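Following: one structure in C-alpha cells, then a few remarks.
Quick note: the coordinates plus some simple rules give every number you see, no bench work behind them. Being a predicted model, the structure only gives us computed values, none of them experimental. Please note: Cβ atoms are built from the backbone with ideal geometry, for glycine as well, and neighbour counts cover all protein chains shown.
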Amino acid sequence: MLFVLATLFAFTINQNQEVGTWTGTDDGKVGSVVFEEEGYAAFVIDGKTLGGKSFTQSGVELSMKYDINYDVTPIQVDFIFYSMTVEQEVARMKGILEFEGEKTMKLALNFDTEGANERPSDFDDENSVTLERVK
C-alpha cells in the first residue's frame, strides 16, 4: 500500500510549477513570460512589458491574468485581458504548455487574430517556444 501511494505522489504535477520568470528566444528576439502567484501574467519582449496587474494599451487600462488547466494533456493555459475601467474580460489568448523538468517549459500560443478562440493542438515550430526558468 505504501508503495502505491509513493508511486502516485511521485507522478503528481506541481500545480504551481509555472510561477516564476521564463525566458526564451523566438524569431531572434529574447522574451520572457512572467507567471505571478496572484494569477497575473506578463510578456516582456525587447524590454517592453505587456500584461501584469496594470498596463495601458491604446489608451485603455488593462490587466492580464492567466488560467491553467492541469487536468488535461497537454496542459491548457489562457492569458486573459481585463479592462480595468469596466472590470470585464476583453480578450483571451489560448495556449498549451508542457514541462520538461523543473527548469524547461514548452509554450504554444495562438497568435492568429482570426482564429483567436482556437487552442493550438501541438508544439509545432511556428507557434511554440522553449523557455528556461530564470527565477
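In the chain, the DSSP-assigned H stretches of four residues or longer account for a calculated mean residue ellipticity at 222 nm of -2000 deg cm²/dmol, using -39500 (n - 2.57) per stretch and the full residue count as denominator. About its Cα centre, the chain has a charge dipole of approximately 400 debye under the convention of +1 per Lys or Arg Cβ and -1 per Asp or Glu Cβ, with nothing else charged. At most 11 other Cβ atoms within 10 Å and a DSSP loop assignment: could you name the GluC sites (Glu not before Pro) in region 32-125 that fit? Filter output for region 32-125: E37, E38, E87, E100, E102, E114, E118.
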